[in-house]
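Participant: After the structure tokens below, expect a handful of questions from me.
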Amino acid sequence: MYLTRFRINTARTDARRLLGSPHRLHGAVNMAFPEPLARDGAGPRVLWRLDQAPGGRADLLISSPGRPDLTHLAEQAGWPTLGQEGWTTFAYGEFLDSLAEGDVWAFRLTANPVHHIRREQDPVGAPTKRAAHVTVRHQLDWLLKQQERAGFTVLRRSVPATPATVDTMEAAPEADTPLPSPVDDERTTTAPVLAGEPEEWEYQVVVHDRTPVRFGKAPGRTSRSSAVSGRDVRFARATFDGRLQITDLAAFRRTLTHGLGKAKAYGCGLMTLAPVR
């Protein structure tokens with residue numbers, strides 16, 4: 001396994017095209033490998049994520065079973081004339097082998113929190129439909145429901161956050177990018193803890209970059225023509241920064257290498273870790 005960081009030159013036209021289309025970026029990531037990788041769930045898959053940083057910086061992170069060659073990305077969206085490779089690849093397998101149950105780590109996860117609903121007007125026995133969670137409270141509740149199966153638990157706070165603290169947490173989304181060490185609108189402007197509701201801010205986690213995503217899968221088509229053809233892709237994503245403890249090592253390693261949740265082809269599902277400061 002490998003984990004790669006590629007810094008995108010956001011001043012370049014091709015870079016802006018990639019950043020504006022998860023479909024294009026998905027294709028560019030796939031082209032980093034000479035042979036298409038199986039996505040049958042039997043083995044690790046290619047996962048990727050975009051991390052935004054102050055100063056307009058954008059980093060592309062890729063987790064993959066094989067070592068990627070990002071020469072094409074460096075030529076389109078990097079600094080090819082500097083004569084440097086333009087990306088850094090870590091031996092991720094060695095890091096995964098060093099993990100142990102009970103370890104505490106800082107984490108970052110960009111995910112597509114969804115649930116399945118059946119509307120009142122749907123006929124009896126109709127299949128449920130996937131719908132996005134779009135409020136902080138529901139998105140965090142989605143994460144907490146995943147943790148047992150995914151092999152970790154999000155740490156609780158020693159003192160529950162107050163509504164004022166929640167306001168501060170939502171307003172300050174910037175965080176260090178974790179790396180291994182060597183739309184039904186539910187939105188609310190704040191997330192106070194109300195009687196009878198889950199006390200989500202008892203947990204050491206911040207939810208930010210909560211973004212609805214819509215794009216056409218056919219390159220070169222306008223949004224209007226894509227909508228007519230039914231080829232628009234729509235989903236909501238959110239980024240979670242927090243602290244976790246490993247509870248099931250095998251399940252947690254699978255989470256890191258297979259991803260968590262839906263929309264993995266479009267920059268969701270990759271969880272990365274960093275030492276707790």
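Participant: If SER21 passes every condition in (1) open to solvent by less than 10 Å² (accessible area, probe 1.4 Å); (2) modelled with pLDDT under 90; (3) of a type in the set (Ser, Thr, Tyr) but one, which one does it miss?
Facilitator: The number of the failed condition is (1).
Participant: Identify, by number, the condition in (1) in a loop (DSSP other than H, G, I, E, B); (2) open to solvent by less than 10 Å² (accessible area, probe 1.4 Å); (3) farther than 15 Å from VAL154 by Cβ that LEU260 doesn't meet.
Facilitator: Status for LEU260: all satisfied but (3).
Participant: Right, next: Within the stretch 32-39, is even one residue at pLDDT 90 or above and out of contact with any Leu (no Cβ under 7 Å at 6 or more places or on another chain)?
Facilitator: The answer is yes, given that some residue of the stretch 32-39 is at pLDDT 90 or above and out of contact with any Leu (no Cβ under 7 Å at 6 or more places or on another chain).
Participant: Also, I was wondering about something else. If we scan the stretch 77-85, do we find a residue that is within 21 Å of GLY151 (Cβ to Cβ), surrounded by fewer than 18 Cβ atoms within 10 Å (Cβ to Cβ) and acidic (Asp, Glu)?
Facilitator: Scanning the stretch 77-85 turns up no residue that is within 21 Å of GLY151 (Cβ to Cβ), surrounded by fewer than 18 Cβ atoms within 10 Å (Cβ to Cβ) and acidic (Asp, Glu).
Participant: Hey, among the residues in the stretch 44-76 that are open to solvent by 10 Å² or more (accessible area, probe 1.4 Å) and among the acidic types (Asp, Glu), which one's farthest from ARG108 (Cα to Cα)?
Facilitator: The selected residue is GLU75.
Participant: A further question follows. Filter the stretch 135-161 down to residues that are in contact with a helix residue (DSSP H, G or I) (Cβ under 8 Å, 6 or more places away or on another chain), at pLDDT below 90 and loosely packed, with under 14 Cβ neighbours inside 10 Å, then give me how many there are.
Facilitator: 1
Participant: Within the stretch 165-180, is there a residue that is of a type in the set (D, E, K, R), surrounded by 11 or more Cβ atoms within 10 Å (Cβ to Cβ) and modelled with pLDDT of 55 or more?
Facilitator: There is no residue in the stretch 165-180 that is of a type in the set (D, E, K, R), surrounded by 11 or more Cβ atoms within 10 Å (Cβ to Cβ) and modelled with pLDDT of 55 or more.
The values are calculated or read from the model by the stated rules, or taken from the named source; none is laboratory data. Source: prediction; values computed, not measured. Positions of Cβ are generated from backbone atoms using ideal geometry, with glycine treated the same way; all protein chains shown enter the neighbour counts. Surface accessibility is based on the protein's heavy atoms, side chains included, excluding ligands, DNA and RNA. Shrake-Rupley method; radii C 1.70, N 1.55, O 1.52, S 1.80 Å.
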